[in-house]
Each structure stands twice: as C-alpha cells, then as structure tokens.
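*Asks:* I'd like to ask you about the structure that follows.
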Amino acid sequence: MLLHEIAHARTGDKGTMVTISLIAYRKEDFVRLEKEVTAERVAEHFREWVDGPVLRFSLPHLGALNFVLQRPAAFSVTRSLALDAHGKCLGSALLAMEI
C-alpha cells in the first residue's frame, strides 16, 4: 500500500528546512501512520535530500504527523538551480512511500 491511499500531505520550506505534514484521511488510519512512518523511514526515503536527522512530531488529535527535514544548502530554494527545489514536491514524494 502506498501512503497516498490513506493520507495526504502539506509541505513548507524556508531555506534549508522543509516541513512535511502527513494527515490521515480517516482517524482510524492514523494508528498505522504512527506505527509505520517513522523518522528513520522518512530519512531513508529522502536519503539523497536529507542533511541531518529527521524529526517527527505526532499530532494525534489532528490525525497527523509532522516531519522536519534539513537539506544541504545546495538544495535550498534560494541557492539551487534545480528545476523544482521547493519542498512542495517532497510531500508528493513521501506519499509514494510504500507501507
């Protein structure tokens, strides 16, 4: 099962910091997200983009997990020549993770 089947994502970024919120569509699916989508799995999923540990914050009343990622300065929105350096595309990339 891919994450997008049970959750959606919102993202934001400032410089080298990216936040990704993963929100369960149904409250009962939040337990599965909390169990299977660990900071370590997210770090592995984004291993080519992450520079440092991934932090995970659980928001059970919202049925959401919030991840904070640090990326290398070369991938920063204001310093990169990449086509899409914004964090918005990383939310979609997380939803493609298999659980």
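The values are calculated or read from the model by the stated rules, or taken from the named source; none is laboratory data. These numbers come from a predicted model, not from an experiment. Reconstructed Cβ throughout: ideal geometry from the backbone, glycine too, with neighbour counts over all protein chains shown.
*Asks:* Can you name the number of the only condition in (1) under 11 Å from the mean Cα position of the chain (by Cα); (2) modelled with pLDDT under 95; (3) of a type in the set (Gly, Ala, Ser) that GLY52 fails?
*Replies:* (1)
*Asks:* Further question: Does segment 70-80 include one or more residues that are at pLDDT 80 or above and either in a loop (DSSP other than H, G, I, E, B) or not polar (S, T, N, Q) (or both)?
*Replies:* Scanning segment 70-80 turns up at least one residue that is at pLDDT 80 or above and either in a loop (DSSP other than H, G, I, E, B) or not polar (S, T, N, Q) (or both).
*Asks:* Let me ask something else. Given the structure, is THR16 touching a Ser or Thr at 6+ places or on another chain (Cβ under 8 Å) and among the β-branched types (Val, Ile, Thr)?
*Replies:* The answer is yes for THR16.
*Asks:* OK, next. Being under 17 Å from PRO72 (Cβ atoms) and without any contact (Cβ under 8 Å) to a residue 12 or more places away in the chain, is that true of even one residue in segment 19-32?
*Replies:* no
*Asks:* Please enumerate the residues belonging to segment 18-64 that are small (Gly, Ala, Ser) and either surrounded by fewer than 18 Cβ atoms within 10 Å (Cβ to Cβ) or part of a helix (DSSP H, G or I) (or both).
*Replies:* ALA39, ALA43, GLY52, SER58
*Asks:* Would you be able to say whether some residue in segment 36-44 is modelled with pLDDT under 85 and hydroxyl-bearing (Ser, Thr, Tyr)?
*Replies:* no
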